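S.K.: Before I ask anything, here is the structure I am working with.
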Amino acid sequence: MFTNLGDLIPRDRDLDKIAIVDLGGERPPREFTHRQIDEMAKGVARALLKRGLMRGSRVAIISANRAEYLACAYGIMRAGFVAVPVNFKFPRETIAFIVKDSGADFVFCDEPRRADCPANLPCITFEEFDRFLDPGPFETVHPVTREPAMFLYTSGSTGIPKGVVLSHQSHLWVVRARLTQDISRHRFLVAAPLYHMNGLAVSQMVCGGHATL
């Protein structure tokens with residue numbers, strides 16, 4: 001059914017159903033439909049391609065949890081780029097190491113993390129996200145076998161963090177393995193950070209299962 005980890009929205013179902021309730025921390029709660037997340041993801045993919053990124057380019061995300069984080073990750077992967085979620089709790093020098101080690105060409109962040117982003121890379125904050133988007137249609141890239149979708153970095157408990165390459169196929173298997181029944185009537189709470197595999201995997205499952213996060 002799904003072939004690209006960034007395109008998990010079942011378009012034969014009600015796209016105006018609430019996909020994400022963003023509890024927002026210090027922001028008021030916000031609601032986003034599956035259609036809105038889909039359109040944001042397409043807007044990210046189109047905007048990054050306009051910036052000249054090539055297939056396989058790495059794009060880092062340094063941010064606390066928010067709806068735009070997921071839309072951004074989906075858009076990155078839809079365009080054939082590699083999403084690099086970064087632990088924003090790391091010291092600034094460790095964040096700089098991960099961004100450099102991953103080979104990232106572009107960075108998304110939230111405003112509190114702006115100062116932690118390497119100065120030599122183009123960076124868009126989520127506070128200017130709407131202006132960055134390039135709305136319009138987009139044809140999702142069909143990944144080849146073992147094509148990377150994400151680089152997730154380890155905690156560094158035994159040394160420097162190490163990048164783990166995750167393919168589209170590997171995490172689509174995770175999504176399918178969890179969707180053994182209809183979950184569409186359920187709401188799921190993710191309190192884990194989205195730079196962590198567990199938070200991401202549950203979010204992807206919820207999207208693919210047409211549920212609410």
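S.K.: Just to verify a result, which residue in region 136-158, among those that are open to solvent by less than 30 Å² (accessible area, probe 1.4 Å) and either without any contact (Cβ under 8 Å) to a residue 40 or more places away in the chain or outside any loop (DSSP other than H, G, I, E, B) (or both), is nearest to Phe2 (Cα to Cα)?
M.R.: Step by step, filter region 136-158, then rank; the result is Ala149.
S.K.: Restricting to region 194-207, give me the number of residues that are open to solvent by less than 40 Å² (accessible area, probe 1.4 Å) and assigned to a loop (DSSP other than H, G, I, E, B).
M.R.: We begin by selecting, within region 194-207, every residue open to solvent by less than 40 Å² (accessible area, probe 1.4 Å); these are 194-195, 199-207.
After this cut, where a residue has to be assigned to a loop (DSSP other than H, G, I, E, B) as well, the list is 194-195.
Total satisfying the criteria: 2.
S.K.: While we're here: Among the numbered conditions (1) in contact with a Phe, Trp or Tyr (Cβ under 8 Å, 6 or more places away or on another chain); (2) modelled with pLDDT of 95 or more; (3) open to solvent by 20 Å² or more (accessible area, probe 1.4 Å), tell me where Leu133 comes up short.
M.R.: (1)
S.K.: A follow-up question, please. Which one is nearest to Lys89 (Cα to Cα) among residues in region 113-132 that are part of a helix (DSSP H, G or I) and touching a residue at least 60 places away in the same chain (Cβ under 8 Å)? Let's see the steps before the verdict.
M.R.: Start the filter on region 113-132 by keeping residues that are part of a helix (DSSP H, G or I), which leaves 113-116, 126-132.
So of that shortlist, the ones also touching a residue at least 60 places away in the same chain (Cβ under 8 Å) come out as 126, 129, 132.
Numbers: Phe126: 18, Phe129: 22, Phe132: 26 Å.
So, considering only residues that are part of a helix (DSSP H, G or I) and touching a residue at least 60 places away in the same chain (Cβ under 8 Å), the one nearest to Lys89 (Cα to Cα) is Phe126.
S.K.: Here's another thing I want to ask about it. When both residues are 6+ apart or on different chains and their Cβ atoms are under 9 Å apart, which pairs have a first residue that lies in region 198-213 and is β-branched (Val, Ile, Thr), and a second that is part of a helix (DSSP H, G or I) and crowded, with 21+ Cβ neighbours inside 10 Å?
M.R.: These pairs meet every condition: Thr212/Val206.
S.K.: Of the residues Ala45, Ala73, Ala41, Ala19, which single one is buried (at least 21 other Cβ atoms within 10 Å of the Cβ), over 11 Å from the mean Cα position of the chain (by Cα) and either of a type in the set (S, T, N, Q) or in a helix (DSSP H, G or I) (or both)?
M.R.: On the way: Ala73 fails: over 11 Å from the mean Cα position of the chain (by Cα); Ala41 fails: over 11 Å from the mean Cα position of the chain (by Cα); Ala19 fails: either of a type in the set (S, T, N, Q) or in a helix (DSSP H, G or I) (or both).
Within the list Ala45, Ala73, Ala41, Ala19, the selection yields Ala45.
The values are calculated or read from the model by the stated rules, or taken from the named source; none is laboratory data. These numbers were taken from a predicted model, which means no experiment stands behind them. Backbone-built Cβ (ideal geometry, glycine too); neighbour counts: all protein chains shown. With ligands, DNA and RNA removed, areas are computed over all heavy atoms of the protein, side chains included. Shrake-Rupley method; radii C 1.70, N 1.55, O 1.52, S 1.80 Å.
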